[in-house]
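Comments concern the structure below.
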Amino acid sequence: MKVAIIQEWLVTVGGSDKVVKAIADVFPNADIFTLVAKKEVCDELGIDWKRVHTSFIQKMPLGIKKHRAYLPLFPFAIEQFDLRGYDVIISSSHAVAKGVLTKADQLHICYCHSPIRYVWDMYNEYLEEANLAEGFKSWLVRYMLHNVRKWDMLSSFRVDYFISNSDYVGRRIKETYRRNSVTIHPNIDISNFEYCSDKENYYLASSRLVAYKKIDIIIEAFNRMPDKKLIVIGGGPNLKNYKELVNENITVMGYQPFNVLKEKMQHAKAFIFAADEDFGMIPIEAEACGTPVIAYGHGGSLETVCGGKTGMFFYEQTADAIVNAVKEFEAMGNAPFKYEDCRSWAERFSEERFKREIREFVEEKYKEFNK
């Protein structure tokens with residue numbers, strides 16, 4: 001079978017990009033279609049640049065660097081790919097990839113990372129974060145997102161089968177598109193994260209420093225616990241602001257290379273995770289290092305952290321809830337969770353497992369489709 005893989009963009013090495021690489025490993029002769037791409041990113045991922053096909057946005061002014069500014073054109077652009085001649089189309093979608101045009105004799109499977117969050121369940125949060133909650137410009141953006149929302153719903157009917165990256169996203173696919181899905185958790189290359197039982201007396205938080213990751217409430221919580229050390233790793237628009245918030249017991253390191261992040265992750269007493277994520281790879285990476293996780297008990301964290309075995313939950317995104325969780329964690333003793341249990345749990349999310357499940361799903365549906 002001839003396979004085409006669709007991805008929104010390949011401009012950073014993120015979770016969805018690693019999923020595309022893994023799918024491309026399963027189907028090494030597949031062509032990849034994406035709105036915009038950077039050759040150096042594809043090289044870093046190990047994707048053959050000769051198999052990458054980009055849209056007209058690639059050649060627009062600042063099309064690669066400022067591609068998000070072309071959001072109103074995304075639906076039109078994704079529909080321009082000519083996919084004739086392919087038997088199977090696999091879209092890796094968190095925005096518009098699933099909206100490609102296919103024919104009745106082509107099987108379209110969508111690996112859905114999320115329905116478009118900024119037009120559905122986080123619509124108002126994104127407007128507030130962008131300072132677009134009110135005013136004339138707000139109404140222009142609202143109208144544009146309204147049109148994207150209508151197209152997104154329409155394009156969901158172009159998919160034959162949905163795969164969700166978590167049961168949480170599966171429920172949101174059902175709520176948003178009224179479609180069923182099968183969950184295949186994304187691939188985590190846990191071989192890059194070595195197990196370590198030598199823990200030091202600090203907690204770690206790491207993510208891109210944007211509002212919805214809730215690093216600010218983690219900082220606020222540890223500001224109230226001056227006897228406990230916190231290290232924050234990550235870059236982003238809120239870096240300067242967060243550095244100004246912290247007391248002496250907190251170190252905001254900003255962006256760090258992988259080897260530094262891994263070393264801090266291996267030796268942390270626990271990893272603190274406060275975001276409401278669709279899935280969330282980084283708690284699993286921490287667990288692969290043998291590090292337990294204290295996480296917000298909602299969304300994907302309920303699937304990536306095994307409560308009572310690899311970590312524990314707090315149930316409100318507040319500093320008070322984090323303070324109480326850390327105190328409960330420490331009251332349980334020096335090592336309340338077995339580090340080897342954290343590692344064995346993380347191994348359930350391996351890249352080999354993902355590739356096997358994707359191959360089996362696609363081959364099964366392709367046989368059914370061609371009966």
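The values are calculated or read from the model by the stated rules, or taken from the named source; none is laboratory data. Because the structure is predicted, anything quoted here is derived from the model rather than measured. Using ideal geometry, Cβ is built from the backbone for each residue, glycine included, and neighbour counts are taken over all protein chains shown.
Flag not set for Ser344, criterion: small (Gly, Ala, Ser) and under 18 Å from the mean Cα position of the chain (by Cα). Across segment 33-56, the qualifying residues are those that are buried (at least 23 other Cβ atoms within 10 Å of the Cβ) and either over 20 Å from the mean Cα position of the chain (by Cα) or not aliphatic (A, V, I, L, M) (or both), and the one among them that is farthest from Ala95 (Cα to Cα) is Cys42. One residue is enough: does segment 247-258 have a residue meeting the conditions over 21 Å from the mean Cα position of the chain (by Cα) and surrounded by 19 or more Cβ atoms within 10 Å (Cβ to Cβ)? Yes, some residue in segment 247-258 is over 21 Å from the mean Cα position of the chain (by Cα) and surrounded by 19 or more Cβ atoms within 10 Å (Cβ to Cβ). Looking across segment 39-60, the residues that are under 28 Å from Pro283 (Cβ atoms) and either in contact with a strand residue (DSSP E or B) (Cβ under 9 Å, 6 or more places away or on another chain) or aromatic (Phe, Trp, Tyr) (or both) come down to Val41, Cys42, Leu45, Ile47.
Sort out which residues of segment 304-327 are in contact with an Asp or Glu (Cβ under 6 Å, 6 or more places away or on another chain) and surrounded by fewer than 24 Cβ atoms within 10 Å (Cβ to Cβ), and write them in order of number.
Lys309, Ala319, listed by residue number.
Remark: pairs (first residue in segment 70-93, in the same structural domain as Met60 (by TED's automatic domain parsing); second residue assigned to a helix (DSSP H, G or I) and of a type in the set (Lys, Arg); Cβ separation under 8 Å; 6+ apart in sequence or on different chains) = Ser91/Lys98.
I'd like to know if segment 91-109 contains one or more residues that are of a type in the set (Lys, Arg), crowded, with 22+ Cβ neighbours inside 10 Å and under 24 Å from the mean Cα position of the chain (by Cα). Yes, some residue in segment 91-109 is of a type in the set (Lys, Arg), crowded, with 22+ Cβ neighbours inside 10 Å and under 24 Å from the mean Cα position of the chain (by Cα).
Listed by position, the helices (runs of 4 or more DSSP H) inside segment 1-112 whose residues that are basic (Lys, Arg) number at least 1 are 15-26, 39-45. Count of segment 286-299 residues, restricted to those that are crowded, with 24+ Cβ neighbours inside 10 Å and not in a strand (DSSP E or B), is 7.
Taking segment 213-243 as the range and being surrounded by fewer than 17 Cβ atoms within 10 Å (Cβ to Cβ) and either closer than 26 Å to Ala346 by Cα or in contact with a Pro (Cβ under 8 Å, 6 or more places away or on another chain) (or both) as the test, only Gly235 passes. Condition test on Asn192, is it under 26 Å from Lys355 (Cβ atoms) and buried (at least 22 other Cβ atoms within 10 Å of the Cβ)? In short, no.
Scanning segment 124-147 for residues that are under 21 Å from the mean Cα position of the chain (by Cα) and crowded, with 16+ Cβ neighbours inside 10 Å, we see that the one that is modelled with the lowest pLDDT is Tyr126. Is one or more of the residues making up segment 255-278 over 29 Å from Ser166 (Cα atoms), modelled with pLDDT of 95 or more, in the same structural domain as His298 (by TED's automatic domain parsing) and in a loop (DSSP other than H, G, I, E, B)? No, there is no match, as no residue in segment 255-278 is over 29 Å from Ser166 (Cα atoms), modelled with pLDDT of 95 or more, in the same structural domain as His298 (by TED's automatic domain parsing) and in a loop (DSSP other than H, G, I, E, B). Within segment 180-197, the set of residues being touching a helix residue (DSSP H, G or I) at 6+ places or on another chain (Cβ under 6 Å) and more than 22 Å from Gly300 (Cβ to Cβ) comprises Tyr195, Cys196, Ser197.
Taking the criterion of being in a loop (DSSP other than H, G, I, E, B) and in contact with a helix residue (DSSP H, G or I) (Cβ under 7 Å, 6 or more places away or on another chain), the residues of segment 202-231 that qualify are Ser207, Leu209, Arg224, Met225, Lys228.
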